[in-house]
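Single-structure report; data block below.
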Amino acid sequence: MALGAWQRLLLALLLCCAALPPAWADALDGTLEVRSAYVTVDNGVYQLNARVAYPLNDEIRGALKDGVTLNFDFEATVHKQRRYWTDATIVSISLHRELSWHEVTERYVVRERSGEQGSYATLDQALQAVGSVDNWPIVVEPQLEPNANYQVGVRASVRRGNLSSALRSLIWWSDSWQRSSAWYTWSLPR
């Protein structure tokens, strides 16, 4: 039985897909969680400190070296708790960071939207830097009512950013490069 041109093309596409490493489907396997988070108050400014554990595996290392950029978002919310109504959102902010591999220096580069960047020799060091939030101002005293109760929530997420053109054509359908942690919540100290 002879195959038509479109059938040969479909078969070739299926064989190419089958040849991709199975790790692409589970690229973000591993721990993704907010390990700790707390708020300190400095002159009426509530500052968030947190530590996040991100997945660390050979698939991520290989993808970064192949030109994939990973985007890391850290979300923080402050809700006013209400007794007979839904909670009111007082603050909802995000911290964005980007991780890439610099081929010339052979180092991992972490960039923030503010323009700051750091360079790290190992992926583990880079992920620790991405997962460290220190003294991030999230709310100021005038935004809070004196006798109200507030709850802080934080969540981390990672997603695929820019791809090289070769990878973009191979994994255009994949959504396995997107993952979020559970919300980590606690009462705002007053």
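Here is how the numbers come out for the structure above:
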| read-out | value |
| --- | --- |
| Residue within segment 134-147 that is at pLDDT below 95 and over 30 Å from D42 (Cα atoms) present | no |
| Selection status of V45, closer than 26 Å to G115 by Cβ, surrounded by fewer than 18 Cβ atoms within 10 Å (Cβ to Cβ) and at pLDDT 95 or above | yes |
| Listing of strands (runs of 3 or more DSSP E) fully contained in segment 51-138 that carry 3 or more residues being loosely packed, with under 13 Cβ neighbours inside 10 Å and without any contact (Cβ under 8 Å) to a residue 40 or more places away in the chain | 88-102 |
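The values are calculated or read from the model by the stated rules, or taken from the named source; none is laboratory data. Computed from a predicted structure; not experimentally measured. In this analysis, Cβ positions are derived from the backbone assuming ideal geometry, glycine residues included, and neighbour counts consider all displayed protein chains.
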